[in-house]
Every structure is written in structure tokens, then in C-alpha cells.
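Scroll down for the structure; my scribbles are underneath it.
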Amino acid sequence: MRRIPPAPTEPGELRQTFANVGARAAAWTTRNLARFTPLAAGEIDGRQLKRFSELAFVCACLTRPAPDGSQAILSEVLRWQDFVRERVEDATYREAVRKTPALAYPLLFPYLQLRSAGYRSSYHDATLARLTHHGHPLIEELLPYRRFERDLILWNAGLAAEPAWDELYDRTILARCRRLSFLDVGDMYSITHTVFYLSDIGRRPLADNLRTERIASILNSLVIHSWRLADWDLLCELLLGLRLIGRPTALCEPWQDAAAAFRDDGSLSSDGAPERSGRGDDPFASAYHTTLVGVLLADAVLRGCDAPLWTSVRR
Amino acid sequence: MRRPAVDVRSAVVRASEWLGSLELPDKSDDALRAIGLQLAAAHLRRETPRLPPVATATLPSPAQLVTMERDQLVARCNRLARSVSVEGRAPCDSKTWQAVLPALCVSYARDADPVAVASLVRVAARLGVDRGLLDEAVAFLLEQQTDAGSFGLLADSGQIERRLQRSLRMTVEVVWALAALEAADGQLDAT
């Protein structure tokens with residue numbers, strides 16, 4: 001049996017733990033900012049661009065008034081935002097969007113994140129206007145949850161109408177799945193991301209109570225699964241999803257285990273999780289995504305302190 | 001999504017027929033076959049399955065059950081299902097078990113592990129978990145039935161003799177779980 005950290009005496013204690021690990025994880029990210037650059041040897045690199053986009057996404061999620069205990073995270077996020085802005089305005093990067101219109105959406109994704117936080121670049125806006133005039137990026141065929149992401153991001157960036165929430169949701173695996181044993185790992189990530197977008201990362205309360213209860217039930221079931229397998233990356237995304245819709249877990253122990261999984265240097269690694277392809281010997285590659293999710297989770301724990309984290313009676 | 005009782009009943013009847021027709025090369029397996037037949041009969045009569053009881057079993061916390069090694073979990077669940085009394089139910093409320101046990105069943109179903117799922121279903125029946133919450137677990141167990149009537153899809157299990165032994169064990173495990181659920185349902189209907 002895995003060792004489970006001692007139960008917290010009260011939810012406030014766990015919140016304090018998340019304030020600490022969140023601050024450490026944010027500081028780790030700042031120390032590793034150079035690894036998030038989208039350029040490799042002076043050119044845009046696909047793998048690097050993915051990291052850069054994820055950083056920009058988390059920046060946009062966290063650039064809002066910080067709750068009590070989350071100021072340390074916000075101060076790091078402001079540094080990330082400067083980093084993202086500088087890279088997006090780099091001449092090589094700006095030109096890459098116009099040189100390779102087939103990759104325009106992934107290349108503009110970080111800028112769209114900045115735009116949703118109020119930043120404007122006349123160069124990128126001109127690029128966007130040209131692309132939109134010719135029907136891009138709406139011509140792309142996407143998986144339903146990716147379509148949800150795109151529509152939400154364009155709306156948040158002030159470039160499109162409000163997403164058709166129900167219509168987008170109804171096409172996703174989350175809306176359609178009837179048996180959780182049919183889901184593979186990719187499907188589970190589709191579910192967590194759908195919850196992120198449906199709730200607009202916690203900014204949009206879910207109106208339909210029946211739907212919310214169903215989603216909470218699915219997330220809670222997958223929490224048990226990912227926690228059993230010590231899959232910290234998936235577990236943190238599921239816990240984050242529950243926080244964003246304001247629903248508790250059945251148990252407190254997954255929270256404790258997730259908090260205890262952060263390393264002393266602040267990183268949180270997905271290493272050891274089954275069904276995950278190896279990422280070689282690069283500790284950064286296996287840690288950066290989970291660490292960013294960990295920062296989002298810590299921030300979500302500190303927001304909405306009235307909402308309980310779990311429901312069970314303590315042991 | 002709930003599986004009609006008739007599906008479960010016909011699955012148990014087929015399993016019982018398979019058990020009855022089985023020619024076992026190893027006579028030491030006869031006792032297990034007899035238990036399987038007894039469990040199937042208990043299911044069809046909606047009676048509580050009678051297995052050699054153990055006096056007391058201690059219920060782990062839900063968190064301990066989730067993080068337990070698989071073999072330890074199966075052994076612990078089997079002891080719980082056979083025990084005359086269960087200790088340690090407080091302070092965990094039944095609502096927590098209602099959430100954790102069905103989820104854990106689904107988690108092991110994803111691992112293609114009918115023995116673990118059957119073990120958990122028996123404990124869920126013992127603790128009075130709502131039958132509707134176990135529909136996915138029951139559906140998974142029923143899908144493990146072969147055309148011959150045994151439970152366990154074991155085409156990849158090597159030698160025929162070894163496969164037969166594993167089929168016997170799995171069939172008894174699944175029939176036991178279905179019988180435990182049926183008995184729990186019967187007790188609910190009686191109240």
C-alpha cells in the first residue's frame with residue numbers, strides 16, 4: 001500500500017500547503033523560462049512552440065486579481081507574461097506567422113492569450129485580419145474539444161462571438177460518454193479540457209445543475225482511477241476541473257497526495273504514470289506541463305475558499 | 001443503462017451449466033467447482049451465498065482500499081465478503097463508499113481485471129452500495145462471459161489445462177459477485 005501523507009487537521013491547512021507548493025512551482029517555472037522559448041537555433045521549433053503556448057495559456061488564466069495566499073504565484077506570472085510578450089514580438093516569430101500560414105493558428109495562439117489579457121500588437125492584429133479575411137482559422141477541422149478551445153480563445157481575445165456553449169459541449173466525449181471504462185487516457189484529457197473551456201477556466205458558472213452533477217460524478221470517478229495509478233498529471237487536471245465547477249472530491253487524500261508529489265525544487269513530474277510515453281532523460285520535458293497544471297491547481301484551491309475541497313468524514 | 005435482471009440470471013444459468021459439464025483433469029479443483037455451483041444456486045434463489053465464514057474482518061478506509069496493491073485488495077475484499085461481522089465502518093460515511101467503490105470497480109475494469117472487479121462488487125454489496133451505481137461494473141463482468149458459459153476471456157492464457165483452471169476460478173469469482181448483489185437486492189426488496 002502506498003504511504004498516504006497524514007490527514008490535514010482542517011481544509012485551511014491543506015490550502016496553506018497548496019499556497020506553498022504553488023509558489024515553489026511558479027518559482028521553478030521562472031527559473032526555467034529559457035526552456036519555454038519557441039525558437040531553437042533561430043527557428044520556430046514545433047515542440048518548443050507547444051511548451052511556449054502552454055505557458056502563455058497558463059499566464060492568461062492567472063492574470064487576474066490574486067486571491068489571499070496566491071500573490072507569490074501572481075508575481076511570478078507577471079514575469080512569465082513579460083517573457084511571452086518579448087518572444088511574441090521577436091521579429092523571427094512575427095514573420096513566421098506570415099511565412100507559414102498553415103501554422104498560423106498554433107503560432108498565433110500565444111498572442112491570442114496575451115490579447116485576452118488586454119495586450120495588443122498592431123503587427124499581429126494585421127496578420128490576424130488578413131487571415132480572417134481569407135477564412136482562417138475557421139476552415140480547420142478539429143476534434144470537438146479542440147474546437148471548443150479555439151472558439152473560446154477567439155472570443156476571449158475579442159475576435160469572435162461568444163461560443164455556442166451547449167452546442168460545443170454536446171459534441172464532446174464528456175457529454176457523450178456513458179461508460180467510463182471505455183475511455184483511454186486521451187479521452188480523459190479531452191474531458192478535463194472540456195471542463196476547463198465549459199467553465200471558461202472558472203470564470204463562467206455552470207448554470208445547469210444536473211449537468212454539473214453529472215460532470216462532477218465523472219471527474220470524481222476518474223480522480224479515484226488516476227490517484228490509484230499515481231498519475232499526478234491527470235489527477236491534478238481532474239482536481240482542477242472539480243475546483244473550476246465548484247464541486248468537491250469524495251476524499252481528502254487525493255489532495256494530500258497531489259500536494260506531497262511536488263518535489264523540493266518546486267517541480268511536479270508525470271514520471272512513473274503508466275500509459276505515458278517516456279520523455280527520455282530530460283527532467284524538464286517530463287515536468288514542465290505537470291508543474292504548470294500544479295500552479296493552476298494551487299491558484300484554484302486558493303480561490304473560492306467557501307467551496308469545500310472534499311466531502312468525506314476525516315479518518 | 002441498468003442491465004435487466006433477466007440478463008444476469010441467464011448469464012448465471014449458463015455459467016452453472018458450464019460448471020456442471022466441466023471435466024476437470026485435476027480433481028483438486030472439484031471443491032471449487034462445487035462452490036461455484038452452490039453460488040449459482042444461491043443466486044437463482046436470491047439467497048445470501050454461504051461460504052466458509054471468517055469471524056471478523058476489518059474494513060480499511062476508502063483511501064487505503066484505493067492505494068492498496070491489487071493482490072492485497074483482492075484478498076482483503078474476499079475476507080470482507082465472507083466475514084460474519086465487519087469492524088471499522090465508522091468514521092467513513094456510506095456516501096463516501098457509494099462514491100469510491102463504483103469508481104474503483106471501473107478503474108480495475110479499465111485494467112481488464114474481472115477478479116478485482118468481482119471482489120469489489122462483493123464488498124459493495126456487503127456495504128449496501130446502491131445497485132444502480134454498480135451497473136457499469138456488472139456490465140463489464142457480464143461481458144467477460146464466453147459462448148461456453150464460463151467467465152474470463154483467456155484465449156491468450158497459454159496451455160488449455162492452465163486456461164481451464166483460470167476459467168474455473170474466474171467463473172466462481174464472478175458468480176459469487178453476482179450472487180452477492182442479488183442477495184443484497186433481495187434483502188432490500190424484503191424491507
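Of all residues in region B:17-27, those satisfying the criterion of being part of a helix (DSSP H, G or I) and either closer than 13 Å to B:Leu164 by Cβ or not small (Gly, Ala, Ser) (or both) are B:Glu17, B:Trp18, B:Leu19, B:Ser21, B:Lys27. Counting only residues that are part of a helix (DSSP H, G or I) and among the hydrophobic types (A, V, I, L, M, F, W, C), which one in region A:38-55 is nearest to A:Asp200 (Cα to Cα)? Here the residue is A:Leu55. The set of residues from region A:257-272 being away from chain B (no Cβ under 12 Å) and part of a helix (DSSP H, G or I) comprises A:Ala258, A:Ala259, A:Ala260. Scanning region B:49-58 turns up one or more residues that are under 14 Å from the mean Cα position of the chain (by Cα), exposed (fewer than 15 other Cβ atoms within 10 Å of the Cβ) and of a type outside the set (A, V, I, L, M, F, W, C). Tell me which residues, restricted to region A:200-231, are under 13 Å from A:Tyr189 (Cα atoms), hydrophobic (A, V, I, L, M, F, W, C) and out of contact with any strand residue (DSSP E or B) (no Cβ under 9 Å at 6 or more places or on another chain). Of everything in region A:200-231, those that are under 13 Å from A:Tyr189 (Cα atoms), hydrophobic (A, V, I, L, M, F, W, C) and out of contact with any strand residue (DSSP E or B) (no Cβ under 9 Å at 6 or more places or on another chain) turn out to be A:Ile218, A:Leu222. Of B:Asp156, B:Asp93, B:Asp147, all but one fail to be within 27 Å of B:Ala41 (Cβ to Cβ) and free of Cβ contacts under 8 Å to residues at least 40 places away in the same chain; the exception is B:Asp147.
Given the options A:Ile153, A:Ile191, A:Ile201, name the one that is within 22 Å of the chain's Cα centre (by Cα), touching a residue at least 12 places away in the same chain (Cβ under 8 Å) and within 14 Å of chain B (Cβ to nearest Cβ). Going through A:Ile153, A:Ile191, A:Ile201 in turn, just one is within 22 Å of the chain's Cα centre (by Cα), touching a residue at least 12 places away in the same chain (Cβ under 8 Å) and within 14 Å of chain B (Cβ to nearest Cβ): A:Ile191. Counting only helices (runs of 4 or more DSSP H) wholly contained in region B:44-154, the ones carrying 3 or more residues that are more than 14 Å from chain A (Cβ to nearest Cβ) occupy B:70-82, B:114-126. Listed conditions (1) touching a residue at least 12 places away in the same chain (Cβ under 8 Å); (2) loosely packed, with under 14 Cβ neighbours inside 10 Å are all met by B:Asp113, apart from (2). Checking each residue in region A:163-180 for being surrounded by 20 or more Cβ atoms within 10 Å (Cβ to Cβ) and of a type outside the set (A, V, I, L, M, F, W, C) picks out A:Pro163, A:Tyr169, A:Thr172. Within region A:13-37, being over 14 Å from A:Asp299 (Cα atoms) and either touching a Pro at 6+ places or on another chain (Cβ under 7 Å) or modelled with pLDDT under 95 (or both) holds for one residue alone: A:Glu13.
Pairs linking a residue in region A:171-183 that is within 9 Å of another protein chain (Cβ to nearest Cβ) to a residue that is of a type outside the set (Phe, Trp, Tyr) and outside any loop (DSSP other than H, G, I, E, B), with Cβ atoms under 6 Å and 6 or more positions apart or on different chains, are A:Arg179/B:Glu136; A:Leu180/A:Ser221; A:Leu180/B:Val106; A:Ser181/B:Val106; A:Ser181/B:Ala109; A:Ser181/B:Arg110.
Confirm whether A:Val58 is in a helix (DSSP H, G or I) and either in contact (Cβ under 8 Å) with a residue 60 or more places away in the chain or closer than 21 Å to A:Leu131 by Cα (or both). The answer is yes for A:Val58. A:Arg211: of a type in the set (D, E, K, R), assigned to a helix (DSSP H, G or I) and either surrounded by 24 or more Cβ atoms within 10 Å (Cβ to Cβ) or modelled with pLDDT of 95 or more (or both), yes or no? Answer is no for this residue.
Filtering region A:212-256 to residues that are more than 13 Å from every other protein chain (Cβ to nearest Cβ) and touching a residue at least 40 places away in the same chain (Cβ under 8 Å) leaves A:Ile215, A:Trp232, A:Asp233, A:Cys236, A:Glu237, A:Leu239, A:Leu240, A:Gly241, A:Arg243, A:Leu244, A:Ile245, A:Gly246.
The values are calculated or read from the model by the stated rules, or taken from the named source; none is laboratory data. Quick caveat, the model's predicted, so the values are computed rather than measured. Cβ sites come from the backbone with ideal geometry, for glycine too, and all protein chains shown count toward neighbours.
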